[in-house]
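Visitor: What follows is a single structure, and I will ask about it in a moment.
The values are calculated or read from the model by the stated rules, or taken from the named source; none is laboratory data. Source: prediction; values computed, not measured. Here Cβ is always computed from backbone atoms with ideal geometry, including for glycine, and neighbour counts include all displayed protein chains.
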């Protein structure tokens, strides 16, 4: 197959790769190859440039065990395409449906997690071939990420990079998806060109240019029929929303979305840097009192003198709180607006107030100080390793607890025996199934895409709130009084919550946040004790 290195798309890819140090001389690149148009374009462009970049290219195709003959065809097409470029291709077959059942996730999420796991397995094998230690770090301390500024690219010894085929349209779709679901500035920054060891050389290219390139270069590709299903949120935005906007509003809508995302990314970076500066100013890096207190309590401790806080703008105060929580090891994806608002209210309020957050992070007001503390690692729940979700088509609530187990409240107190014996069962169901089997007192359905962060099965904690409508929320304490729950029973009612608050006070009320509507794509059904009290 003739390859013309002077094709405009390849030139743009080369410039992008060099400008952002995606691939340095001596690096190896693993291409995630589905055999669809995007990954076919990525493989072709990198192979056309491999001599100029002084890199070796390999490919990995993951067969998900779904779609029957179509998936077999994709695997065969990937192998043939790689072979046509003289590229070694590894085909790995998994059972995505089985992995989804075992992990309590959607098939889509299980497949995505498996892909990145397999990409990194291939990376480790390649590193072993080169005699490189796993997770090699340079003097920058960044694993696989950067170059030692004292050495420069010319002395670089090579890394293994994972290349995915995300492009400009994917990024604009992600911005819209996050905007529609609700997000802060960071969710509007689009898909980054580089995330650790993952690079996206096509991130500045548009779908129409990719298809034109494939046609001009006579590069074959296949179509995954599920990518045409507009019942899937991302596909609906791709095939219905953006084309309608281009036709009826502005033909360059996607480009304008990305230009705005670039500005937002700069604003986000500025506020993060400013928040880090204020954080160091307020707590210092080597505060002996903080170290002593942490050693005595077994907890990480940060103390903020509230009068020293910047009075405005509010967005800076929000970023500062997020930076403090980051230093305490609280994942950003599990912290919602309600959490931040509660912390700021405590900082501005009187002494004695307290709020409990996910992952055992607590905040208390002591006179003029806001004290942040977190349980030690031995007391914290274990998370799965972070995975790149840039191509996520749906919200991905992680960490669903296995049937028969619950988390404690933030103080990690031992739960009474009856709840430990209780069973929470989670399952993804169709709208038809939900209609046939409507909610009961102990079986409730939720909009899976609206769930934020982790699901937690626990008892109530101080500060819990439940949203009853778009305009109204109520403290769980007040709800139980209004529902005439006996005082001695209030601490024994199972609670289902996510990163944004209470979803369900079992036996009583469900929250408004994740309610099922006509626009719901994916339904999560949660059943307590087999659907009946004491069952």
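Visitor: Which number in (1) free of Cβ contacts under 8 Å to residues at least 60 places away in the same chain; (2) under 31 Å from the mean Cα position of the chain (by Cα); (3) surrounded by fewer than 18 Cβ atoms within 10 Å (Cβ to Cβ) marks the one condition that residue 487 misses?
Guide: (2)
A quick yes/no check of all residues on (1) within 21 Å of residue 164 (Cα to Cα); (2) modelled with pLDDT of 85 or more:
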{"site": "80", "(1), (2)": "yes, yes"}
{"site": "89", "(1), (2)": "yes, yes"}
{"site": "98", "(1), (2)": "no, no"}
{"site": "102", "(1), (2)": "no, no"}
{"site": "107", "(1), (2)": "yes, no"}
{"site": "117", "(1), (2)": "yes, yes"}
{"site": "121", "(1), (2)": "yes, yes"}
{"site": "128", "(1), (2)": "no, yes"}
{"site": "138", "(1), (2)": "no, no"}
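Visitor: Name the residue, out of 251, 261, that is at pLDDT 80 or above and in a loop (DSSP other than H, G, I, E, B).
Guide: 251
Visitor: Is it the case that some residue within the stretch 206-215 is assigned by TED's automatic domain parsing to the domain that holds residue 123, under 25 Å from residue 53 (Cα atoms) and assigned to a loop (DSSP other than H, G, I, E, B)?
Guide: Among the residues of the stretch 206-215, at least one is assigned by TED's automatic domain parsing to the domain that holds residue 123, under 25 Å from residue 53 (Cα atoms) and assigned to a loop (DSSP other than H, G, I, E, B), which makes the answer yes.
Residue-by-condition table, conditions (1) at pLDDT 95 or above; (2) farther than 23 Å from residue 94 by Cβ:
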site	(1), (2)
14	yes, yes
24	no, yes
35	no, no
41	yes, yes
65	no, no
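Visitor: Scan the stretch 283-291 and tell me whether some residue there is outside any loop (DSSP other than H, G, I, E, B) and at pLDDT 55 or above.
Guide: yes
Visitor: For the condition in a strand (DSSP E or B), at pLDDT 70 or above and outside the structural domain of residue 184 (by TED's automatic domain parsing), what is the one hit in 303, 312?
Guide: Only one candidate passes the filter, namely 303.
Visitor: If you don't mind, another one. Kindly indicate whether residue 212 is farther than 19 Å from residue 9 by Cα and modelled with pLDDT of 90 or more.
Guide: no
Visitor: If only one of 412, 460 is part of a loop (DSSP other than H, G, I, E, B), touching a helix residue (DSSP H, G or I) at 6+ places or on another chain (Cβ under 6 Å), under 30 Å from residue 305 (Cα atoms) and modelled with pLDDT of 75 or more, which one is it?
Guide: None of the other options fit; the residue is 460.
Visitor: While we're on this one: Can you name the residue in the stretch 238-249 that is without any contact (Cβ under 8 Å) to a residue 40 or more places away in the chain and surrounded by 12 or more Cβ atoms within 10 Å (Cβ to Cβ) and, of all such residues, is nearest to the chain's Cα centre (by Cα)?
Guide: 239
Visitor: Out of all the residues in the stretch 346-390, which are within 22 Å of residue 501 (Cβ to Cβ), part of a loop (DSSP other than H, G, I, E, B) and modelled with pLDDT of 70 or more?
Guide: If the condition is that a residue be within 22 Å of residue 501 (Cβ to Cβ), part of a loop (DSSP other than H, G, I, E, B) and modelled with pLDDT of 70 or more, then 349, 353, 357 are the ones that fit.
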